[in-house]
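The values are calculated or read from the model by the stated rules, or taken from the named source; none is laboratory data. Being a predicted model, the structure only gives us computed values, none of them experimental. Because the Cβ atoms are built from the backbone with ideal geometry, glycine has one as well, and the counts that use them run over all protein chains shown.
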Amino acid sequence: MIFSDIKIKEAILNKDIVVEPFRPECLGTNSYDVHLGANLAVYNDRVLDAKRHNKVSHFTIPEDGFIIQPGTLYLGVTEEYTETHTAVPFLEGKSSVGRLGIDIHATAGKGDVGFCNNWTLEISCVQPVRIYAGMPIGQLIYFAVEGDIHNYYNKKAGAKYNSKSEKPVESMMWKNTF
């Protein structure tokens, strides 16, 4: 079941969901709008290796925007820090962003109960697009969880993305055993 605006606001008041900064005007009928943070990153190497730590270079989006290019994966970050303690958060791109040919995630649209951080975005585009820090980029949708939870993400041993960061975080696939 998807949370309504009233249920999201209630969860925020109860601190079951945390959104910082919280802006009431960003609360939709059944979602909360998030914005592109000022920090982007790109991988240093053109060929990535799933078994090794692929390094990134971070940079700040200039005030007059930054043109993203097809064929390059940009790691972005939400302006908003979020915590979700009793629901499953899903991040989806806003339709206006999609209509510019921008994808904000390749596969990582679902968060875990207990995720406490800014969201790293996997940004790609089909044609060059100028983007800006602070622009609406996505929306968080919250789903109810059925049953008890024993393995909250923020308490899970070995969780790879628990360190709070206002910068995009590169893939930590290399920490997996395979």
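I'd like to know if the stretch 68-83 contains one or more residues that are assigned to a loop (DSSP other than H, G, I, E, B), modelled with pLDDT of 95 or more and among the hydroxyl-bearing types (Ser, Thr, Tyr).
Checked against the condition, which is being assigned to a loop (DSSP other than H, G, I, E, B), modelled with pLDDT of 95 or more and among the hydroxyl-bearing types (Ser, Thr, Tyr), the stretch 68-83 yields at least one hit.
Output the number of the condition that Asn30 fails; it satisfies all remaining conditions of (1) free of Cβ contacts under 8 Å to residues at least 60 places away in the same chain; (2) not aromatic (Phe, Trp, Tyr); (3) not in a strand (DSSP E or B).
(1)
(1) among the hydrophobic types (A, V, I, L, M, F, W, C); (2) in a strand (DSSP E or B); (3) over 30 Å from Thr177 (Cβ atoms): which one isn't true of Phe22, the others all being true?
Every condition holds for Phe22 apart from (2).
What number of residues within the stretch 28-44 are closer than 22 Å to Ile67 by Cβ and of a type outside the set (A, V, I, L, M, F, W, C)?
Residues in the stretch 28-44 being closer than 22 Å to Ile67 by Cβ and of a type outside the set (A, V, I, L, M, F, W, C): 5 in total.
Does Gly76 fit the bill of being under 22 Å from Ser171 (Cα atoms) and within 13 Å of the chain's Cα centre (by Cα)?
Against the criterion (under 22 Å from Ser171 (Cα atoms) and within 13 Å of the chain's Cα centre (by Cα)), Gly76 qualifies.
If Tyr81 satisfies all but one of (1) surrounded by 17 or more Cβ atoms within 10 Å (Cβ to Cβ); (2) in contact with a helix residue (DSSP H, G or I) (Cβ under 7 Å, 6 or more places away or on another chain), what's the number of the condition it fails?
In the conditions (1) surrounded by 17 or more Cβ atoms within 10 Å (Cβ to Cβ); (2) in contact with a helix residue (DSSP H, G or I) (Cβ under 7 Å, 6 or more places away or on another chain), Tyr81 misses (2) alone.
Could you list, in sequence order, the residues of the stretch 4-57 that are surrounded by fewer than 10 Cβ atoms within 10 Å (Cβ to Cβ) and small (Gly, Ala, Ser)?
Passing the criteria: only Ser57.
If the requirement is being of a type in the set (Phe, Trp, Tyr), under 28 Å from Met173 (Cα atoms) and within 19 Å of the chain's Cα centre (by Cα), which of these qualifies: Phe90, Phe3?
Phe90
So, in the stretch 54-73, how many residues would count as being without any contact (Cβ under 8 Å) to a residue 60 or more places away in the chain and closer than 24 Å to Lys175 by Cα?
Number satisfying all stated conditions: 3.
Every residue, every condition in (1) at positive phi; (2) modelled with pLDDT under 95, yes or no:
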residue	(1), (2)
Glu92	no, no
His105	no, yes
Gly111	no, yes
Gly134	yes, no
Ile149	no, yes
Tyr153	no, yes
Gly158	yes, yes
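So, Glu166, is that one within 14 Å of the chain's Cα centre (by Cα) and either assigned to a loop (DSSP other than H, G, I, E, B) or under 18 Å from Leu40 (Cβ atoms) (or both) or not?
Spelling it out, Glu166 is indeed within 14 Å of the chain's Cα centre (by Cα) and either assigned to a loop (DSSP other than H, G, I, E, B) or under 18 Å from Leu40 (Cβ atoms) (or both).
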